[in-house]
Amino acid sequence: MDFSILAENMDMYLEGFLKTIQISLLALVGSFFLGAVIAVMRIAPFKPLNWIGTAYVEFVRNIPLLIIAFLFYYGAKMPGFAAGSLALTIYTAAFIAEAIRAGILSIHKGQMEAARSSGLTYGQAMRMIVLPQAIKVVIPPLGNQFINLVKNSSILAVIAGGELMYQADLISLHTFVVFDVYIFVAIFYLVITIPLSLGVGYLEKHLAKSS
Amino acid sequence: MSLKKFWKVSILSIIAVFMLAACGSKEETTGGSSEKGLEKIKDKDKIVFGVKNDTRLFGLKNTSTGKVEGFDVDIAKALAKEVIGDENKVEFVEVTSKTRVPLLQNGKIDAVVATMTITEERKKEVDFTDVYFEAGQSLLVKKGSKIKSIDDLKAGTKVLAVKGSTSAINIAEKAPDAEVLQYENYAEAFTALKSGQGDALTTDDAILYGMVDEDPSYELVGGQFTEEPYGIAVKKGNTELVDELNKALKTIKDNGTYDEILNKWIKNK
């Protein structure tokens with residue numbers, strides 16, 4: 001392996017690395033909240049909300065992320081960074097909504113019924129009884145989605161988003177070295193995804209112990 | 001999860017990646033220079049040309065016939081006729097500015113006829129034939145744009161280019177204040193210009209003419225501010241094939257085939 005490639009292009013790698021982290025953080029926070037809202041809509045005891053939630057998930061989940069990114073970039077004419085982050089947020093939210101919904105549904109119906117019959121409102125029962133139990137079930141699939149999100153951010157390379165993959169394309173084209181350039185990119189991605197994956201594992205164990 | 005396990009997993013993963021890298025590099029070096037270019041072509045009785053599929057007038061896939069058409073394609077056919085005696089003994093593989101050198105190096109294609117400028121940098125990686133077309137870099141803007149020449153590309157203007165093209169490198173030197181955004185191919189770069197992602201698109205005038213041909217509300221400005229002599233690229237060290245292609249080029253220039261092709265695609269536009 002040719003480490004001079006890494007050394008000579010360190011500034012480009014770092015620029016891409018920082019952009020990838022920024023996008024990932026933005027989309028991670030955004031997609032978590034959006035996904036939680038969609039999940040709640042899908043199980044709310046009010047039909048029209050269910051329909052909206054279901055439509056969102058089915059629509060967004062079943063088209064490629066690349067096309068969503070193109071829609072914002074070429075269609076809505078947003079700058080690359082914004083279009084990419086927004087597309088990632090919207091796309092990931094659909095999967096997160098499904099993970100959260102599955103987690104909530106895994107809590108036995110009797111829990112909600114008992115909470116409601118003891119006088120709690122639907123919202124209170126959700127917040128105080130169901131969600132604290134559901135969160136433990138939800139953590140592992142949520143972690144997977146976040147890891148996917150980080151890797152999916154490479155889609156910004158095609159809309160001049162300036163992240164790791166985009167920079168790697170440029171480096172490989174200037175140096176004509178293809179393989180090594182992308183191996184270094186893989187390592188940069190690992191630097192983000194491995195701690196993320198271990199963090200999720202830690203959280204999972206920690207929460208299991210606390211119950 | 002303990003800290004110890006964290007380190008173990010991290011280090012193991014990184015080692016795995018390095019091992020993968022080591023395998024890959026080895027393959028690259030052993031796959032190399034021994035094969036004789038011309039013999040290989042004669043053995044399989046066809047030449048595999050890398051052409052573009054997204055560049056109007058030079059190499060564009062006709063969606064109704066499924067065939068690639070353009071100046072580069074016709075040149076490739078004419079060369080095949082000279083080298084192996086039949087213009088139909090060719091196979092076309094789609095390349096982009098980004099993929100053409102790697103595809104040549106790993107032997108997927110024999111030669112690249114894809115609006116490729118001969119540069120000193122590229123000569124280190126591939127071998128070129130004589131010049132077969134003289135292009136020059138220019139700018140494409142919406143008619144009525146404030147940008148009239150390369151001097152108008154000041155700070156705050158965005159210039160669009162294609163990844164791996166010489167124009168992307170040139171523009172960074174000639175208009176250092178402008179922001180350069182780079183795309184996968186010309187179709188995407190032109191779409192980006194149309195959707196207002198930048199103020200001008202830069203590449204060789206030859207390619208830009210194709211875009212004007214498609215949408216006349218755009219025009220070329222600023223003249224030719226670089227020289228872009230196009231060559232046919234072959235794998236480094238394959239001098240036999242270069243000689244053969246140069247001979248063929250000379251023949252088609254002498255017998256009028258070259259001018260016919262030029263008039264068909266470029267001059268009459």
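Just to be sure, is residue B:167 closer than 23 Å to residue A:159 by Cβ and open to solvent by 10 Å² or more (accessible area, probe 1.4 Å)? Against the criterion (closer than 23 Å to residue A:159 by Cβ and open to solvent by 10 Å² or more (accessible area, probe 1.4 Å)), residue B:167 does not qualify.
Give the residues of the stretch A:134-166 that are open to solvent by less than 10 Å² (accessible area, probe 1.4 Å) and not in a helix (DSSP H, G or I), sorted by residue number. Residues satisfying the conditions are A:161, A:162, A:163. From the list B:155, B:114, the one residue that fits, being among the hydrophobic types (A, V, I, L, M, F, W, C) and within 13 Å of the chain's Cα centre (by Cα), is B:114.
When you check residue B:200 against the structure, is it modelled with pLDDT of 95 or more and closer than 17 Å to residue A:160 by Cβ, yes or no? Yes. Of the residues making up the stretch B:143-158, those that are of a type in the set (D, E, K, R) and either in a loop (DSSP other than H, G, I, E, B) or surrounded by 22 or more Cβ atoms within 10 Å (Cβ to Cβ) (or both) number 4.
Let's see how each residue does on (1) of a type outside the set (D, E, K, R); (2) farther than 14 Å from residue B:130 by Cα:
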site	(1), (2)
B:211	yes, yes
B:214	no, yes
B:230	yes, no
B:250	no, no
B:260	no, yes
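Being in contact (Cβ under 8 Å) with a residue 40 or more places away in the chain and more than 22 Å from the chain's Cα centre (by Cα) is the filter; apply it to the stretch A:9-43 and report the residue that is least open to solvent (accessible area, probe 1.4 Å). Among residues in the stretch A:9-43 that are in contact (Cβ under 8 Å) with a residue 40 or more places away in the chain and more than 22 Å from the chain's Cα centre (by Cα), the one least open to solvent (accessible area, probe 1.4 Å) is A:13.
So, in the stretch B:189-215, of the ones that are out of contact with any strand residue (DSSP E or B) (no Cβ under 8 Å at 6 or more places or on another chain) and more than 11 Å from residue B:142 (Cβ to Cβ), which residue ends up farthest from the other protein chains (Cβ to nearest Cβ)?
B:213
Checking every residue in the stretch B:129-142 against the condition of being part of a loop (DSSP other than H, G, I, E, B), among the charged types (D, E, K, R), open to solvent by 10 Å² or more (accessible area, probe 1.4 Å) and in contact (Cβ under 8 Å) with a residue 60 or more places away in the chain gives at least one match.
The values are calculated or read from the model by the stated rules, or taken from the named source; none is laboratory data. All values reported here derive from a predicted model rather than from experimental measurement. In this analysis, Cβ positions are derived from the backbone assuming ideal geometry, glycine residues included, and neighbour counts consider all displayed protein chains. What goes into the accessible areas is simple: the full protein's heavy atoms, side chains included, and nothing from ligands, DNA or RNA. Shrake-Rupley method; radii C 1.70, N 1.55, O 1.52, S 1.80 Å.
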